[in-house]
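First comes the structure, then the notes that go with it.
The values are calculated or read from the model by the stated rules, or taken from the named source; none is laboratory data. Note that the structure is predicted; figures quoted are calculated from it, not measured. Counting neighbours? That spans all protein chains shown, and the Cβs are built from the backbone with ideal geometry, glycine included. Side chains included, ligands, DNA and RNA excluded: accessible areas come from the protein's heavy atoms. Shrake-Rupley method; radii C 1.70, N 1.55, O 1.52, S 1.80 Å.
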Amino acid sequence: MREIVLDTETTGFDPESGDRIVEIGAVELMGHVATGETYHVYINPERYMPDEAFQVHGLGDEFLADKPKFAEIGQSFLDFIGDSKLIIHNASFDIKFLNAELKWMNLPQIPWEQAIDTLAIARKRFPGSPASLDALCRRFGIDNSSRTLHGALLDSEILAEVYLELIGGRQPDFALSSAPDQKSGTVVEAWKAKPRPNPLPSRLSEEEAAAHAEFLGQLGDDVLWSKL
């Protein structure tokens, strides 16, 4: 199952008022595991950058001046995402902008049902709790220290980790959904764990082991621990 974790940066909040996308970042997942394939592009919005937006992502007019316009990358973006599910935090915002840009190019729109909104998932799982990306990183112990400014690719990489935690970890279905079908009548041998070639080292210090042994000695010979 292919999924695309996606984020955008923009000049503002409303494409119908003239705001544009200035950055797209996306990370490919296959079976809930990152493949290393990414899509990342900065975009010339063909307008000035409001200071409020610049304070969020740090992308200014001079930096974006020589970047491609959306009309130059729209088709390559659609080719990358295909019909894969799009994992987006606050999906309505990004889909609204992407569809506006695609509409201006006369390219196919992204169906709303193609998106999975991690903000909605978080609010359902943790009602009443903060559900921002930063808040979810704190909840799941995900390092986002490099996120001093919003950046589409970095935010997508962080969101990929958050998404996997929201759905139950890196292998929520234990890969059962991708197991090959067995022909009827086929006997499948039960999987058994193999012994480790080298035992794991003890995590107890010598002092802790000695203290434990002394404690057991005080309990007498019939204590259960001495028989293990």
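Tell me, yes or no, whether region 34-51 has at least one residue that is in a helix (DSSP H, G or I) and open to solvent by 10 Å² or more (accessible area, probe 1.4 Å).
Within region 34-51, one or more residues are in a helix (DSSP H, G or I) and open to solvent by 10 Å² or more (accessible area, probe 1.4 Å).
Being at pLDDT below 95, part of a helix (DSSP H, G or I) and surrounded by 14 or more Cβ atoms within 10 Å (Cβ to Cβ), is that true of even one residue in region 57-80? Write out each step before concluding.
Looking only at region 57-80, we keep the residues that are at pLDDT below 95, and these are 57-58.
Keeping just the survivors that are part of a helix (DSSP H, G or I) gives 57.
Right, trim to surrounded by 14 or more Cβ atoms within 10 Å (Cβ to Cβ) and you get 57.
Among the residues of region 57-80, at least one is at pLDDT below 95, part of a helix (DSSP H, G or I) and surrounded by 14 or more Cβ atoms within 10 Å (Cβ to Cβ), which makes the answer yes.
Okay, residues lined up against (1) hydrophobic (A, V, I, L, M, F, W, C); (2) open to solvent by less than 40 Å² (accessible area, probe 1.4 Å); (3) modelled with pLDDT of 95 or more:
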| position | (1), (2), (3) |
| --- | --- |
| 142 | yes, yes, no |
| 148 | no, no, no |
| 151 | no, yes, no |
| 184 | no, no, no |
| 216 | yes, yes, no |
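Of the numbered conditions (1) in a helix (DSSP H, G or I); (2) closer than 20 Å to residue 154 by Cα, residue 96 satisfies every one except a single condition; which is it?
In the conditions (1) in a helix (DSSP H, G or I); (2) closer than 20 Å to residue 154 by Cα, residue 96 misses (2) alone.
Please go through region 99-155 and pick out each residue that is over 29 Å from residue 17 (Cα atoms), in a helix (DSSP H, G or I) and of a type in the set (A, V, I, L, M).
Across region 99-155, the qualifying residues are 121, 122, 135, 136.
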